[in-house]
Amino acid sequence: MNDIEIFTIPTCPFCQKAKALLTDNYLDYNEFDISHDEDKYRKQLGEAFDIKGRVTVPQIVINGKHIGGYSELKEIVNNGRLNSYLK
């Protein structure tokens with residue numbers, strides 16, 4: 001079973017696209033809405049994933065590997081590399 005985490009805020013269109021892309025690929029995920037303390041969680045995500053500068057959402061982790069946001073997820077899917085991240 002795959003462990004997929006996605007950190008989001010409700011008003012983010014890229015978060016919606018990322019969730020739809022995961023769903024379209026029949027992948028379940030755990031969503032973490034960071035909107036209740038956005039500044040705190042953006043800082044924590046930046047530290048956890050060594051992100052320099054502004055931390056955007058979504059942030060996606062597949063089986064413990066941070067892949068980035070929607071653009072990175074879309075590239076992985078489009079290039080046929082998604083299976084290499086899955087168990």
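Laboratory data are not the source of any read-out in this text; all were calculated from the coordinates shown. Just so it is clear, the model here is predicted, and its values are computed rather than measured. Backbone-built Cβ (ideal geometry, glycine too); neighbour counts: all protein chains shown.
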Just checking, which of LYS65, LYS43, LYS74 is over 21 Å from PRO13 (Cβ atoms) and touching a helix residue (DSSP H, G or I) at 6+ places or on another chain (Cβ under 9 Å)? LYS65
Checked against (1) of a type in the set (D, E, K, R); (2) under 20 Å from ASN79 (Cβ atoms); (3) more than 12 Å from the chain's Cα centre (by Cα), LYS17 satisfies every condition except (3)
For the stretch 46-62, the count of residues that are in contact with a helix residue (DSSP H, G or I) (Cβ under 8 Å, 6 or more places away or on another chain) and within 20 Å of ASN2 (Cα to Cα) equals 4
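Within the stretch 7-60, take every residue that is among the hydroxyl-bearing types (Ser, Thr, Tyr) and within 25 Å of LEU86 (Cβ to Cβ) and give me the one that is surrounded by the fewest Cβ atoms within 10 Å (Cβ to Cβ). Please lay out each step first, then the result.
So in the stretch 7-60, the residues among the hydroxyl-bearing types (Ser, Thr, Tyr) come out as 8, 11, 23, 26, 29, 35, 41, 56.
Restricting the remaining residues to those that are within 25 Å of LEU86 (Cβ to Cβ) gives 8, 23, 26, 29, 56.
On the way: THR8: 21, THR23: 11, TYR26: 6, TYR29: 18, THR56: 16.
Among those that are among the hydroxyl-bearing types (Ser, Thr, Tyr) and within 25 Å of LEU86 (Cβ to Cβ), it is TYR26.
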